Structure formats: structure tokens, C-alpha cells
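The values are calculated or read from the model by the stated rules, or taken from the named source; none is laboratory data. Just so you know, these numbers come straight off a predicted model, no measurement behind them. So basically every Cβ, Gly included, is an ideal-geometry build from the backbone, and we count neighbours across all protein chains shown.
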Amino acid sequence: MNSNFKYIPKDKRKKILLICDDIRVHSGVATVAKEIVVHTCQHFNWTQIAGAIQHPDKGKKFDLSDATNQQTGLKDSDITVYPVDGYGDSTLVRQIIKMEKPDAIFIITDPRYFEWLFNIENEIRKKMPIIYLNIWDDYPAPLYNRAFYESCDALLAISKQTKNINEIVLGDKGKNKIFKYVPHGLNTDFYFPIQENSIHHENMKKLKKDLFGGNKKDFVMFFNSRNIRRKQIPDAMVAFRIFLDGLTKEEAKKCAFVLKTERSSEHGTNLLAVKELLFDENYPDSIFFVDKPIGVEELNLLYNLSDVQILLTSNEGWGLTLTESMLTGTPIIANVTGGMQDQMRFEYDMDEGPGVKKGGWIDFDKDFPSNHLGTYRKHGEWAFPVFPTNRSLQGSPKTPYIWDDRCTAEDAAKQIRAVWSLSPEERRERGEKGRQWAVSEEAGFTAEIMGKRVIETLDELFETWKPREKFELIDANIEDRRILNHSLIY
């Protein structure tokens, strides 16, 4: 870790009040938040309102400075957490501000969890800026989020699609705000390719033997996420069944699909019933579940023993398991939607003007907000994209509309076959190209680069930020029309 990047002595640093999942737990938000804190603690001091459902440590205060010093090599980090149920409330925030005297508030996760904070933004932003590391899964651009985005001074978007959505939704209201692309980054000390003749390799062989009961498996597909409906796990299982049906019996016996998820969930489905329906008669030794809690070391082993990671989510803001897979040098199969398409690195097929060069990584705008219809087909060799074939406009009272991008199991099966058809050496070569790109400055899907981007963005904010006016004049004759402001079909 480059703990000296823009080092500032403890007593000279700005202090950031972070509000999100407790950085000591293992949710996706907590993992990313922790990496941001750890990789910026040489430049900022951090205080966290540390959220959880029915937090067992509620009402306590913890100083994580010594533990962070040991991890980073610093001697003067300053990190404290205040555990709470949920994400706190306006009374708690006022108390923490009075005690800790932060210079900014930094929030992460769905904006609906912070409605109480946005309700007092006028009070807060007279004294300090609000920074929002945000994500949105799909279009149409959520105009119902406008007030949330408008309540922030810096919008750090974890996907190119999210950055475009922030800009579309705010329009002229965003002219004095900072918009930055800050994709998720993970710790490469945790996720890495395992080399032969290492203790990790021996552990991987043992895990593989234990997982498959000693049966030889030459091709392993891996899924790692929660058992919830939008993850489309049954579709991935159908795709694997179609793939097996195209093989000989001997070939099919040597293939396995490992799912690290709950076997049954009220938020998803009963995957054991799906397994029984699709596999038990003809392919009884093909589906394997890992549903016990495991540490990051064992998770890294699972990625490394796999030949490909699959994620067919119908709307997905980023897809952190794809990043984990890429950092281990494992190819990916993914639905082309949301932030997952960032990780496939689709590229321009010709020069199209300033900043748009052939071979360049595609970006989005109002006229081209997504590549889900395959406008651009060339992509990184590590990626095996599955393009959606239909969209359904879904919603709820608080999120009235969002596209649900669906791909077919048949198309996914073709991509499984494409990976299977490669030699093990070719898979490793393609996976390594994905890893090299993921850790590059262009992609920057590492915790270290993510930390640098956060430091640079917040420094820019502190240099340019002006306190909110005591009051704002609004012309009531101007209608705030929340109607579609970009192409419906693209």
C-alpha cells in the first residue's frame, strides 16, 4: 500500500464523517467503504456512523486507529466508529457533528436510506459539503432522485452509467457540482492469481477435492452473490443445463457449477428445487452449493479453482463479484447492463470525433446511455458478454420506474460453451489480460487507485466548495416537469 500518497500530518487533515454500513462487517458497501478509509487515512481523518440492522454494538464508540496503523504502516491514522441501528437520524448526526467537528459528510448506498439527511441538507451545507458515492442500476434516468442528487455537492459515481444518470437528472442544476467516475476498487492482497508450488495452491487443491468429493472436474463455473430475484440465478442454472446437454456424457461429468449463495431465500427462490428439476436425473453430480460463511482467503481459492464467473443480473449497478473474479485472473460471463458493462471494456470501433478514438473505452451520454443493445461489440478478451433480448419497465411507489434487462438462458449457454471450448492455457491468458487491465490506471479497480481518486476529488471539492446560501429564491412559475429527457430506445 502506498500510504505516503499525499500524506498530511494528523493535526492538519480534514475530517470526514462517513455514514454507511459498519466498515467492520462484510457487506459490499462495507468492504468498499473500508478500502476507501484505509487507503485515504494518510490524508483524511475519518469518523463513521456505522450502520447495521439491530447493531449489537449500538451506543458504543470504537477507535480503529491502532489497527489501521498496523495494516497501513502509518503511525498517526485517526479512525473512530459509532455503531447504530440503520444509518442513524438527524438528531444523531447533529450530536456527532458537535462532538467530532467534521469538515464534510460522505454517504454511500441507496438515497432512500438518507431521506432524513437530505431533509436537513440546508442546515448542513451551510457548514460543510455532502459527498455521495452513488450508484443507479438502470435507466430511464431516475428523475425521482433529483432532489437527492441536488442535495449533494460532489457526486462520485461508481459506474459510467451512474455518472451519466447524475448529469442527465440534474441538468443545469448540476453546473456547480463535482461529478467524478470512481469505480469500486478491491484489495489486491486479498484477490490475486494463485501460483503453483505455493501454500495457496495446496489449499486450493484440497478445497477442490473436498468440494467435489474427489471427482475429477475439468471445467468449473462459479456464481457468487445473494439469492435474490434480480440476480437471475435460475436462468444461470438453465444455461448450464443447456450447455451440458450439448456435451457428451463423459464431457458433462467433468463439468461443475459452484454457487456460493443461500440454497433457499424468500427474496429469491428455492434453488434446491431448481437443482432437482434440472439436474438430478441426468446430471446428479453437477451442482454444488457453498452457503456457509467463509473468509476472503477461501473465497480467493474458489475464484482461482474456477474457469469462469457468471452473473446474469437483470439490473446491476456494478457487480462486485466480477471485479473479484477479474483480480484473480478468472474470465467473466455477464449480462450487458449497468456497471457490469464497464468491466467488459467495450471499445469504439472507429474514430468518432474529439475524445472518441477507435479502440478507446466507450463512455455514455444522453444519446447513448447504454451499450445493452450491442451498439459496440468489441470488448476485452476476458469477457464473454450476454446481451439482453428484452426489457421490462418495473417499479415501486418510491422507485416508480426502472428497466429490467433480461438475457436468455440460451444465449448464456453459448457463452459458457465458448469458455469451455478454450484450452486451460487460453482461459488463463484471457483472465490474466483482464487482471492486468483491472489493476491499470485506466480501469483502476483496485483499492489503492480508488483511494487516490477519492483524495483527488475531495481535495478539489474543498478547494472550490462554497457554503450554501441561507435561503434560495425559487421561481414558482417554472414548472418542474419530471418527464423523459433522453431517448426511450437506445
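All conditions in (1) in the same structural domain as residue 307 (by TED's automatic domain parsing); (2) outside any loop (DSSP other than H, G, I, E, B); (3) surrounded by fewer than 19 Cβ atoms within 10 Å (Cβ to Cβ) hold for residue 460, with the sole exception of (1).
Yes or no: residue 56 farther than 26 Å from residue 457 by Cα and in a loop (DSSP other than H, G, I, E, B)?
Details: farther than 26 Å from residue 457 by Cα: yes; in a loop (DSSP other than H, G, I, E, B): yes.
So residue 56 passes the test.
Quick one: residue 170 ticks every box in (1) within 22 Å of residue 57 (Cα to Cα); (2) among the hydrophobic types (A, V, I, L, M, F, W, C); (3) part of a helix (DSSP H, G or I) bar one, so which box is it? For residue 170, the failing item is (1). Considered as a group, the residues in the stretch 31-54 that are modelled with pLDDT under 95 and aliphatic (A, V, I, L, M) include one that is surrounded by the fewest Cβ atoms within 10 Å (Cβ to Cβ), and that residue is 53. Looking across the stretch 72-91, the residues that are touching a helix residue (DSSP H, G or I) at 6+ places or on another chain (Cβ under 8 Å), more than 19 Å from residue 20 (Cβ to Cβ) and either touching a residue at least 60 places away in the same chain (Cβ under 8 Å) or surrounded by 15 or more Cβ atoms within 10 Å (Cβ to Cβ) (or both) come down to 72, 74, 76.
The condition of being free of Cβ contacts under 8 Å to residues at least 24 places away in the same chain, of a type in the set (Asp, Glu) and not assigned by TED's automatic domain parsing to the domain that holds residue 310 holds for only one of 137, 172, that being 172.
The residues of the stretch 96-136 that are in a loop (DSSP other than H, G, I, E, B) and hydroxyl-bearing (Ser, Thr, Tyr) amount to a single one, 109. Within the bounds of the stretch 243-256, is there any residue that is under 28 Å from residue 190 (Cα atoms), of a type in the set (A, V, I, L, M, F, W, C) and either in contact (Cβ under 8 Å) with a residue 40 or more places away in the chain or touching a helix residue (DSSP H, G or I) at 6+ places or on another chain (Cβ under 9 Å) (or both)? Looking for residues that are under 28 Å from residue 190 (Cα atoms), of a type in the set (A, V, I, L, M, F, W, C) and either in contact (Cβ under 8 Å) with a residue 40 or more places away in the chain or touching a helix residue (DSSP H, G or I) at 6+ places or on another chain (Cβ under 9 Å) (or both), one finds at least one in the stretch 243-256, hence yes. Would a scan of the stretch 91-101 turn up a residue that is assigned by TED's automatic domain parsing to the domain that holds residue 157, out of contact with any Asp or Glu (no Cβ under 7 Å at 6 or more places or on another chain) and closer than 26 Å to residue 320 by Cβ? No, the conditions are met nowhere in the stretch 91-101.
So in the stretch 463-485, with the set limited to residues that are in a loop (DSSP other than H, G, I, E, B) and polar (S, T, N, Q), which one is modelled with the highest pLDDT? First the steps, then the outcome.
Here is the first cut: in the stretch 463-485, the residues in a loop (DSSP other than H, G, I, E, B) are 465-485.
Filter once more, keeping what is polar (S, T, N, Q): 477, 485.
On the way: 477: 56, 485: 82.
Restricting to residues being in a loop (DSSP other than H, G, I, E, B) and polar (S, T, N, Q), the top hit is 485.
Cβ-Cβ contacts under 9 Å between residues 6 or more apart (or on different chains), taken from a first residue in the stretch 267-296 that is touching a residue at least 24 places away in the same chain (Cβ under 8 Å) and assigned by TED's automatic domain parsing to the domain that holds residue 230 to a second residue that is surrounded by fewer than 15 Cβ atoms within 10 Å (Cβ to Cβ) and hydrophobic (A, V, I, L, M, F, W, C), are listed as 289/272.
The numbered conditions (1) surrounded by 13 or more Cβ atoms within 10 Å (Cβ to Cβ); (2) without any contact (Cβ under 8 Å) to a residue 40 or more places away in the chain; (3) not in a helix (DSSP H, G or I) are all true for residue 359 except (1).
Residues that are part of a loop (DSSP other than H, G, I, E, B) and either farther than 28 Å from residue 188 by Cα or not small (Gly, Ala, Ser) (or both): does the stretch 81-88 have at least one? Spell out how you get there, then give the answer.
So the first thing to find is which residues in the stretch 81-88 are part of a loop (DSSP other than H, G, I, E, B), and the list is 87-88.
This time we only want the ones that are either farther than 28 Å from residue 188 by Cα or not small (Gly, Ala, Ser) (or both), so: 87-88.
For the stretch 81-88, residues part of a loop (DSSP other than H, G, I, E, B) and either farther than 28 Å from residue 188 by Cα or not small (Gly, Ala, Ser) (or both): present.
In this structure, is residue 429 closer than 19 Å to residue 304 by Cβ and over 22 Å from the mean Cα position of the chain (by Cα)? Taking the combined requirement at face value, the residue satisfies it. Looking across the stretch 1-41, the residues that are without any contact (Cβ under 8 Å) to a residue 40 or more places away in the chain, within 21 Å of residue 445 (Cβ to Cβ) and in a loop (DSSP other than H, G, I, E, B) come down to 26, 27, 41.
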